[in-house]
1. When you scan the range 16-94 for strands (runs of 3 or more DSSP E) that lie fully inside it, which ones turn up with 1 or more residues that are surrounded by 13 or more Cβ atoms within 10 Å (Cβ to Cβ) and without any contact (Cβ under 8 Å) to a residue 24 or more places away in the chain?
2. From K40, K74, K105, grab the single residue that is more than 22 Å from V13 (Cβ to Cβ) and at pLDDT below 85.
Amino acid sequence: MQDKVEERSLVNVLNRLQKDGYKYDFKVSQDGKLCTMEEKDQFSAEEVRIVDFYRFEGESNPDDMSILYAIETKSGLKGTISNSYGPYADENVDTFLKQVEDLGKNLDKNDK
C-alpha cells in the first residue's frame with residue numbers, strides 16, 4: 001500500500017492518470033467550451049464526462065486548495081483540468097464543470 005502523502009500528491013496523481021491514458025491538458029476557452037491547450041479540439045458540456053476528481057490542500061496555507069478533474073470526451077480524448085478554490089478559482093472552469101455535473105445527474109436519472 002502506498003504512503004498516504006504519496007497518494008495525495010498532485011504530481012503522483014497526474015503521473016498515474018497519464019499512465020491510464022489521460023494525456024491531454026484541458027482548459028476552458030473564452031467562449032465557454034472545453035478545449036485542448038492548443039485549442040485544436042473543442043467540446044461542449046454535453047460532450048464531456050467527469051470520470052473522477054481529486055482535491056488537494058496546500059501544505060502551508062489552507063487557501064491553496066485545488067481540484068483536479070479526470071475528463072473524457074465523447075470523441076475519446078482523455079485528459080485533466082484543474083482549478084483552485086476561493087478567490088483564485090477560474091470562473092469559466094467552474095461554470096463549465098458545473099454544467100457537466102448537472103448533465104451527468106440528469107443522465108443518471110434517465111438511465112434508471
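The values are calculated or read from the model by the stated rules, or taken from the named source; none is laboratory data. Everything numeric in this text was worked out from a predicted model, so none of it was measured. Here the Cβ is made from the backbone with ideal geometry for all residues, glycine too, and neighbour counts use every protein chain on show.
1. 34-36, 48-56, 66-73, 78-84
2. K105
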